[in-house]
Amino acid sequence: MKKYAQVIVNIPAAEVDKEYDYLVPPDRENEYKIGHVIQVPFGSRRVIGFIIGFSENTDVSSGKIKQLDKKILKDRVFDKKMLDLFKWMAYNYNSYLSQVIKTALPAGIIQGRVSVKKKKFICLNESEDIVRKKIKEIKNRAPKQARILEIFADNPHKEFTVQELINTADCYRGAVYRLMEKGVLDSCKRIQRRKLNHTKSKKESKVPSLTSDQNKAISSVQKSFNSSEIFLLHGVTGSGKTEVYLQLADRLLKQGQGTIILVPEISLTPIMVRRFYSRFKDKIAVLHSGLSEGERYDEWRRIKRGEAKIVIGARSAVFAPLDNPGLIVIDEEHENSYKQETYPHYHARRVAFVRGKISNFPVLLGSATPSLESFYYTEKNFIHYLSLSKRINERGLPPVDIIDMSAELKKGNTGIFSASLKDSITRTLKKDKQVLLFLNRRGYASFMMCRECGFVIKCRNCDISLTYHSAKNSLCCHYCGHTRRPAQKCPECDSEYIKEFGIGTEKIVQEVKEEFPEAEVDRMDVDTTVYKGAHEDILARMEKGETDILVGTQMIAKGHDYPGIEVVGVISADTMLNIPDFRSAERTFQLMTQVAGRAGRGSTRGQVYIQTYNPDHYSIQAARNHDYEAFYKNEIKLRKELNYPPFCFLVNILVRGTQKEIVKKEIKKLSQKIHKQHHSSIMEIMGPSPATIPKIRGKFRWQIILKFAEKKLRKKILNKLKKEVQIQENKNDVSFVIDVDPQSML
């Protein structure tokens, strides 16, 4: 009986986003499985495809049915359970199945750009007795060759590189090759893993005594192994959440199951990796975009083959090909970076929930400042609540002073630092302790403006002001990367009164060096971490005590545990508070609390200073008191009044194009159809209106925001809307983005 494979072709287009039947070669029926990447004839060309099923019947006539071609990879890249996850993602996030599969795989694997790295080794090709006889024969006339053979005689089963033999025997390359020509030695190639930095660490970590809260949390999750329960571990900064993760991973490892640990940013990955590597050594693998294609493929392959059972990485690690996963941990679960802002727009937290449900294992969320939605669902008993309310060793949380910068201005202080923060830094440096200064804005100055006419220099591609970077003496767009030289005169009125305004991390560093010339200052932001290993280098200097003052953006606000940090200064809390987004207060509270938690992890409690022009705002007051519940009560009340998540399910439809009028025309057309086909009583429709940033990368942007009361209703309507968008997308020079559960409204 003939067998047919159902194939999804690797072409992200609406008209081909469906299954195609191909005949499985009768003599190779057992070679193909779900998840194999294959090459297939498609029209007049050959394309890459993914096998997603098999059947004994087909609607394609025998004269037209085509046959499967060669496999691109020997191993299959996903199984039936992962395929079910991919199908859910394609449906839920309005994506093409082929694109979802590509997102889940290491870059370059489908195109064949990456492969295993092989290294040449030299080994014995004769018995040990023959080798020893050979040594005696050639010792006088060829002493270098004899020395090489002596090395092998002492290590008959060991393989050496040519360079190792040259160094050990103190010989030339030719001596090795002459022995190979004689047949005494032979060469072979072995697969070599591209080693990552963390594997160089030999330090063992001791398992600490657990607190009663930690024991309770571990016990609760362990009881739910092999069930799809969801837990929220709400632990204050420094309460030992990571040790809970380590203990759970260890217990799963002992019963042959794996663990996936997600962290929000690459900068946090080395820290978590180091903790886990010291405990589990080569049983861990790392997956994140900071690795090269080859390194990422090696780690993915080790996981696929069961050589690594614990996976640590950023959001894409949620797809790690563990054969028998037992738990997914999402550390700092509130973080925005778990949401992919490019197509397909998935959220790793939601994907983890579904993967856990499909494969029947629990998911553990961890945070000192949980997302409002997660905490809300603990109240509704959809998520189990676990608490670590105290720091390890009963260390108190650092006191927080709120500095009203308006009052500082009235006192005549026009500088960046308040008097209290400046004095505290001075005292701290005298004690040989460290300082952390936080500002969530990189560059030197926020914008360049003419004081004569008010003209602000903007990006030519985006409707946003250019940021001045003093290190490069250039104006830069943080959205499209466009750069230009600073203007000497106003382009609008030709005035010479044009200068930089606002502050960024570069300017903070300059001010710090002027105020504290003896201090060693370092900076950690996107600009200083572009080269490979930069995160590790900056943090290593901090850990060794070589850095006195570390200035940075949100990269420094979480996950770091350095006992030398005694003072934390937030230069401006208003940077985040004034962002036009319904989550701005939540993000302000989270960042303030997280960065405050870096202080007082040593023998002293430390001190935190938050500088702001909004000292009475509830998010800042709650951060001062380390009071999550006070913040939650204020914020949840506002969300309910305004009907924002968790009281509705959002969709942001973004229309982009190079012609402003066409974009407006298309979004208005789409809006009219939404109003006509779907009654406004079943959802709230906001817009169409220009996006908060109306133009990015040369494309004008308009949006419609939809609020749904039910998820099922949202899926039903979006499925119809997806088809409508695909039709319109083919007609005009516009693109449509349907972002489900958007994390940013910008």
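None of the figures in this text is laboratory data; all of them are computed from the coordinates on show. This one's a predicted model, so the numbers in the text were calculated from it and none came from an experiment. So basically every Cβ, Gly included, is an ideal-geometry build from the backbone, and we count neighbours across all protein chains shown.
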* To do: Sort S465, S127 so the one with the fewest other Cβ atoms within 10 Å of its own Cβ comes first.
  => S127, S465
* Percent relative contact order of the chain, based on C-alpha pairs within less than 8 angstrom and at least six residues apart? -> 10
* **For the chain, with +1 on Lys and Arg beta carbons and -1 on Asp and Glu, the positive-most of S619, A630, I717 along the dipole** => I717
* For K117, enumerate residues with amide H under 5 Å from its amide H, sequence gap 5+ or separate chain, H modeled in the peptide plane. => Q192
* **Cα-centred dipole magnitude for the stretch 1-112, charges only on beta-carbon of K, R (+1) and D, E (-1), debye, nearest 20** => 260
* Structure fact -> Over 31 Å (Cα to Cα) among K241/K544; K411/K637; K223/K380 -> K411/K637
* Asked: Which whole-Hz ³J(HN,Hα) couplings does the stretch 290-298 yield from phi under the Karplus relation 6.51 cos²θ - 1.76 cosθ + 1.60, θ = phi - 60°, glycine and proline marked x?
  -> x, 7, 6, 4, x, 5, 5, 5, 4
* Structure fact -> A convex hull over the alpha carbons of the stretch 32-190 yields, per residue, a volume in Å³ of 213
* Asked: Near K74, which lysines are there with a Cα under 22 Å away, not counting those fewer than 8 places off in the same chain?
  -> K3, K33, K66, K102, K117, K118, K119, K189, K304, K309
* Please name whichever of L654, Y609, G687 sits farthest to the positive end of the charge dipole of the chain, dipole taken about the Cα centre and charges placed at Cβ: Lys and Arg +1, Asp and Glu -1. => L654
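What are the trypsin sites (Lys or Arg not before Pro) within the stretch 424-491 that DSSP puts in a loop, where the Cβ has at most 13 other Cβ atoms within 10 Å?
Hits after loop and neighbour filter: K431, R451, R460, K489.
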* Structure fact -> Binned at 5 Å from zero, the C-alpha pair distances of the stretch 530-584 give percents of 4, 14, 25, 21, 13, 12, 9, 3, 0
* Asked: Under a point-charge model restricted to the Cβ atoms of Lys and Arg (+1) and Asp and Glu (-1), what is the dipole moment magnitude of the stretch 450-502 relative to its Cα centre, in debye to the nearest 20?
  -> 220
* To do: With a point put 7 Å past each Cα toward its Cβ, work out how far K676 is from D537 in nm, to one decimal.
  => 6.0
* Name the residue farthest towards the positive end of the dipole of the stretch 302-355 from the options G326, G306, Y346, assuming +1 on Cβ of Lys and Arg, -1 on Cβ of Asp and Glu, about the Cα centre. => G306
* Asked: Mind listing the phi-derived Karplus ³J(HN,Hα) values for the stretch 59-75, rounded to whole Hz, using 6.51, -1.76 and 1.60 with θ = phi - 60°, and x for any glycine or proline?
  -> 8, 7, 5, 4, x, 9, 5, 9, 9, 4, 9, 6, 7, 6, 10, 5, 7
* To do: For the stretch 198-392, just say rounded, prolate or oblate: build the C-alpha gyration tensor, square-root its eigenvalues into a ≥ b ≥ c, call rounded for a/c under 1.5, and beyond that prolate if a/b exceeds b/c, oblate if not.
  => rounded
* Determine, at each q value in 0.11, 0.25 (inverse angstroms), the log₁₀ of I(q)/I(0) that the Debye formula gives when each Cα of the stretch 649-740 is one equal point scatterer. => -0.28, -1.36
* Would you please classify the overall shape of the stretch 1-82 from the alpha carbon gyration tensor, given that a ≥ b ≥ c denote the square roots of the eigenvalues, rounded means a/c under 1.5, and beyond that prolate means a/b larger than b/c while oblate covers the rest? => rounded
* Asked: Residue by residue through the stretch 534-550, which ³J(HN,Hα) values in whole Hz follow from phi under the Karplus form 6.51 cos²θ - 1.76 cosθ + 1.60 (θ = phi - 60°), with glycine and proline marked x?
  -> 5, 4, 4, 5, 5, 5, 5, 5, 5, 5, 6, x, 6, 9, 8, 10, 10
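Treat every Asp and Glu Cβ in the chain as -1 and every Lys and Arg Cβ as +1, leave all other atoms uncharged, and give the resulting dipole magnitude about the Cα centre to the nearest 20 debye.
Once rounded to the nearest 20, the dipole reads 2360 debye.
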* Proxy reagent accessibility, fewest Cβ within 10 Å first, across W702, W88 -> W88, W702
* Helix-derived [θ] at 222 nm for the chain: sum -39500 (n - 2.57) over DSSP H runs of at least 4, divide by residue count, nearest 500? -> -10000 deg cm²/dmol
* **Förster radius 35 Å - calculated FRET efficiency between K633 and K716, Cβ distance, rounded to 0.05** => 0.55
* By DSSP, what percent of the beta bridges with both residues in the chain are antiparallel, rounded to the nearest 5? -> 55
* Fully extended, how many nm does the chain gain between E56 and D423 (0.36 nm per residue separation, minus their Cα-Cα distance)? -> 124.2 nm
* Candidate aspartates and glutamates - alpha carbon under 12 Å from K80, same-chain residues fewer than 8 apart omitted -> D323
* Structure fact -> Note: L73 to N625 extended length (0.36 nm per residue) minus current alpha-carbon separation gives 193.2 nm
* Asked: Could you work out Rg/(2.2 N^0.38 Å) for the stretch 125-278, with Rg from alpha carbons only?
  -> 1.76
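Give me the extension gain from S219 to K281: residue separation times 0.36 nm, minus the current Cα-Cα distance, reported in nm with one decimal.
Here the segment from S219 to K281 would lengthen by 19.9 nm.
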* Structure fact -> For K665, counting only lysines whose alpha-carbon sits under 18 Å away and dropping same-chain residues fewer than eight positions off, the answer is K673, K676, K695, K699, K731
* Asked: How far is the Cα center of the stretch 329-384 from the Cα center of the stretch 581-610, in Å?
  -> 22
* Alpha-carbon Debye profile of the stretch 450-502, log10 I(q)/I(0) at 0.13, 0.15, 0.20, 0.22 Å⁻¹ -> -0.29, -0.38, -0.68, -0.81
* Structure fact -> Most exposed first, judged by fewest Cβ atoms within 10 angstrom, L85, L23, L246 run L23, L85, L246
